[in-house]
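Take a look at the structure set out below.
The values are calculated or read from the model by the stated rules, or taken from the named source; none is laboratory data. Small disclaimer: the values here were computed from a predicted structure and weren't measured. Cβ atoms come from the backbone with ideal geometry, glycine included; neighbour counts cover every protein chain shown. Protein only, heavy atoms only, side chains kept; ligands, DNA and RNA dropped before computing areas. Shrake-Rupley method; radii C 1.70, N 1.55, O 1.52, S 1.80 Å.
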Amino acid sequence: MAMAAALRREGRRFASPLISSQPITNVRSSLIPEEHVPLGARSISTQIVRNRMKSVKNIQKITKAMKMVAASKLRLIQTRAENSRGLWQPFTALLGDTPSVDVKKNVIVTISSDKGLCGGINSTAVKVSRAINRLTSGPDKETKYVILGEKAKVQLIRDSKKSITICMTELQRNPLNYTQVSVLADDILKNVEYDALRIVFNKFQSVVSFIPTMATVLSPEVVERETESEGKLGDLDSYEIEGGETKGEILQNLSEFQFSCVLFNAVMENACSEQGARMSAMDSSSRNAGDMLDRLTLTYNRTRQASITTELTEIISGAAALES
């Protein structure tokens, strides 16, 4: 009874200065809108952590969805990429592939993607193209760029804007076939003068592996010169040719057909590498989001427990002060 009477006396003593006619929201800072004012100072940190956890969960859902989309596209493109490898291999066996040939007019055909979030395949293709440009440059030499893909265009236009002859984008919006790629190859051959076409692309190996590759297509004149010097042109004499075409005309047709086949294979290989790299990148992003979510959950639990402990300590301290 004595303890209860003492608590009532202490309550009447401190009631008047603590009670105010103004609402609580008016006491808070005017810099924070009323609708965004938290319930208490201790709930601010937990609310921030909850918002962050919600954002990370949404990002994780997006990355998982993008991984599944990339996986489905990869299955469709992989078969076409593997089948396209048989188109350019006979040309290599007949005419050879001489990347170290020294010519005056070089055209570097750089193939990249139009979208990002696919690892470093685009940066790798650009680095290889710049390295080839440095190797083939000289006082009496000329090197031009033909760019297929938005990402390579964005990077190469910074330091090689004057060297870019043709730029094509949005190639992968719809599935490409050989007829469409051969039209692109014909447009390139009509608008550039070359002694050697050097196609730079990423060759697909597996979902987590791709190899930067360069394929070289020589002009008919250079092919005739190189094959005669190495003794390979005589292989054409073993075939029976109808129509009265000369060796020069045959080499012209072979060179154009070789470029279209190599370009088709390069586009397919690069598209396959793009989807594999995007699938791998989105899988890594999903796992990183899961790890971040675990850390945020731990932080949220610790913050909430610390808030509860602080409130209990204040209650116990206040009760002890009233007893004394």
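What lysines sit close enough to residue 64 to cross-link, taking a C-alpha to C-alpha distance under 28 Å and skipping anything fewer than 8 places away on the same chain? Here the lysines satisfying the reach criterion relative to residue 64 are 54, 73, 115, 151, 203. On the basis of the beta-carbon distance and an R0 of 51 Å, residue 71 and residue 317 show a calculated FRET efficiency of 0.30. Farthest toward the positive end of the dipole of segment 97-274, out of 119, 133, 272, is the Cα of 119, where the dipole comes from beta carbon charges about the Cα centre.
The residues packed around residue 117, meaning those with a beta-carbon under 11 Å from its beta-carbon, carry a net charge of +3 if Lys and Arg are +1 and Asp and Glu are -1. Label positions at residue 284 and residue 92, each projected 7 Å from the Cα along the C-beta direction, are separated by 2.8 nm. When 168, 282 are compared by accessible surface with a 1.4 Å probe, the order from highest to lowest is 168, 282.
With all protein chains kept in place, the per residue accessible area of segment 97-274 amounts to 50 square angstrom at a probe of 1.4 angstrom.
Rounded to the nearest 20, the Cβ-based charge dipole of segment 79-142 about its Cα centre (Lys and Arg +1, Asp and Glu -1) stands at 160 debye. Surface composition of segment 97-274: carbon and sulfur atoms hold 49% of the protein heavy-atom accessible area at a 1.4 Å probe.
Working note: Cα atoms of segment 97-274, range along each principal axis, descending, whole Å: 52, 40, 29. The packing ranking, built from the mean of other Cβ atoms within 10 Å per residue, places the peptides 267-279, 105-117, 286-298 in the order 267-279, 105-117, 286-298, highest first.
Considering only 79, 147, 207, and ranking their Cα positions along the charge dipole of segment 64-216 that arises from unit charges at the beta-carbon of Lys, Arg, Asp and Glu, the one farthest toward the positive end is 207.
Would you work out if segment 134-222 is rounded, prolate or oblate? Take a ≥ b ≥ c from the square roots of the eigenvalues of the alpha-carbon gyration tensor; rounded if a/c is under 1.5, else prolate when a/b is larger than b/c, oblate otherwise. Since a/c stays below 1.5, the shape of segment 134-222 is classed as rounded. In this structure, the amide hydrogen of residue 218, modeled 1.01 Å from its nitrogen in the peptide plane, lies closer than 5 angstrom to those of 197, counting only residues at least 5 positions away or on a different chain.
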